[in-house]
Amino acid sequence: MNINATLIGQAIAFAIFVWFCMKYVWPPLLDAIEARQKKIADGLTQAERAGKDLELAQAKAAEKLKEAKAQAAEIIDQANKRRTQIVEEAKNEGEAERSKIIAQGEAEVEAERNRAREELRQQVATLAIAGAEKIIKRSIDKEANSDIIDKLVAEL
Amino acid sequence: MAGQGEALTSSSYIQHHLTNLTWSVDGGWNAHDAGFWTFHVDSLLIAVGLGVLFLWLFRSVAKRSTVGVPGKLQCFIEMVIDFVDENVKDTFHGKNALIAPLALTIFVWVFLMNLMDLVPVDLLPHAAQTIGIPYLKVVPTTDLNVTLGMSLSVFALIIYYTVKVKGVGGFVKELTMQPFNHWAFIPVNFLLEAVTLLAKPVSLGLRLFGNLYAGELIFILIALLGYWQLPLYFPWAVFHILIIVLQAFIFMMLTIVYLSMAHEDH
């Protein structure tokens, strides 16, 4: 084994390779690795933040839901109350209307009866007078006996 | 597989496997003792080819890399990048844009060169011989020139950054005023520190070379066994997977450690 110029050739090749590696191989690869590392780290932080946001949003949503439920229950309660109130009112109104109508009917009936009675009385009076007139036609003066007829009419 | 029609003996077989395809400025192809200006063409071509393969693969992924969901290949490449980056960040506490790409290049390139060890020892040399190439040593890291070429480059970087960070004075002081901080000890200090300093590239290069050379030699020895090589070849190859990765990792780690030492004041 003898030392010769191969050594120099190898050293030159070595220098060129190292230079090439330093210039064209190492920087782009390491840059890519570091950029990816950064990207992954960013992604992880973002994911963590998103998780926290989600948790917060879920809590908020649950709260909102609870609130809405309470509100709905309140509304239903109110509606129920209002319904009973309305029914009650309607009932009362109906009752009043009914009694009013009955009273009216009664009054009308009463009035009709009075009128009929009055008419009847008049007719009977006229009839009586006519009868009496016919009876007493010949002898008795109509004016002299009218007080008797009035008394008779009043008695009917 | 001995070349030039020699009788096939064990030693010639091994010898053949351990011979590089050479070209020298003075003697041309495969000349004996052609002096310093000789190139191991096979080692260089395979090493450069693997380096280009590494850079092409990583560059093509880098060009298509997305910040979004990565593909499987990109995932794999990014795992390698991340592994190297983590090791660099654990060891090297400074700002230097060179260290991490340097570590990545060393790790992957050395790994690929070591990986050639798992190619069956006769496959490529035999194929080369049939197309007329007499010698082919497949694993570049079993070539001392290759490992020393890398470790000496690292050594140059160590010196460069030591001087750059601490100044020439700081470098000289580091060599002479440690571990005994007194002028009278300067020669002793210098001796100790010089050995320490020089041991770095030598040990770095020799460790890789030694491991892979020994591993390759054992592969060759197993290949000599004829039919009995199969039960032996498999466990040694499995075990070697570990060595391949480990040696690439050690080379990378030591480079990072040496360079981080060069950056730090004591």
With the convex hull built on the alpha-carbon atoms of the stretch B:1-119, volume per residue in Å³ sits at 185 Å³
Per chain B, sqrt(5λ) over the Cα gyration tensor eigenvalues, sorted largest first, in Å, gives 37, 26, 17
Computed on Cα atoms, Rg of the stretch B:109-266 relative to 2.2 N^0.38 Å comes out at 1.37
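Under the rule a/c < 1.5 gives rounded, and otherwise a/b versus b/c splits prolate from oblate, where does the stretch B:94-146 land using the Cα gyration tensor?
Working: a/c = 3.94, a/b = 3.15, b/c = 1.25.
Prolate is the answer for the stretch B:94-146, as a/c is 1.5 or above and a/b outweighs b/c.
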P(r) of the protein assembly as shown over all Cα-Cα pairs, 20 Å bins starting at 0, rounded to whole percent, reads 17, 30, 15, 6, 6, 6, 6, 6, 7, 2, 0
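Shielding of B:101-108 by partners, i.e. mean partner chain Cβ atoms within 10 Å per residue?
Per-residue shielding by partner chains comes out at 6.
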Between the Cα axis of helix B:99-115 and the main Cα principal axis of chain B, the angle (0 to 90°, nearest 10) is 20 degrees
Under 14 Å by backbone N from the virtual spin label 7 Å along Cα-to-Cβ at B:Arg207, the residues of the stretch B:96-135 are B:107
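For B:Thr22, A:Thr84, B:Thr91, B:Thr147, which order do you get if you count the other beta carbons within 10 Å of each Cβ and list the fewest first? Mind dumping the intermediate values first?
Details: B:Thr22 22, A:Thr84 10, B:Thr91 16, B:Thr147 29.
Fewest to most other Cβ atoms nearby, the residues stand as A:Thr84, B:Thr91, B:Thr22, B:Thr147.
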Quick note on B:Lys173, A:Lys60, ordering by fewest other C-beta atoms within 10 Å, gives A:Lys60, B:Lys173
Each residue of A:32-39 has, on average, a number of other protein chain C-beta atoms within 10 Å of its C-beta equal to 5
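Would you please report the Å³ per residue occupied by the convex hull of the alpha carbon atoms in chain A?
On the way: hull volume 37.6 nm³, N = 156.
Considering the Cα atoms of chain A, their hull volume per residue is 241 Å³.
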Inter-chain shielding metric for A:40-49, i.e. average beta-carbon neighbours from other chains within 10 angstrom, reads 0
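Using Cα-Cα distances under 8 Å and only pairs 6 or more residues apart, what relative contact order does chain B have, in percent? Present the calculation step by step, with values, prior to reporting the outcome.
Working: 267 pairs, mean separation 64.2, N = 266.
In percent, rounded to a whole number, it is 24.
Output the Kirkwood hydrodynamic radius of the stretch B:49-168, Cα pairs only, in Å rounded to one decimal. Walk me through the intermediate numbers first.
Values: mean 1/r = 0.0585 Å⁻¹.
After inverting the mean inverse Cα-Cα distance, the result is 17.1 Å.
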The simple spin-label model distance between B:His182 and B:Val163, using points 7 Å out along Cα→Cβ, in nm, is 3.2 nm
Expressed in angstrom and rounded, the centroid-to-centroid distance over alpha carbons for the stretch B:209-242 and the stretch A:1-76 is 45 Å
Helix B:229-263 sits off the longest principal axis of the Cα atoms of chain B, rounded to the nearest 10 on a 0 to 90 degree scale, by 20 degrees
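Every read-out reported here was derived from the displayed coordinates using simple, explicitly stated rules and does not represent laboratory data. Remember, predicted model here, so these are calculated numbers, not experimental data. Using ideal geometry, Cβ is built from the backbone for each residue, glycine included, and neighbour counts are taken over all protein chains shown.
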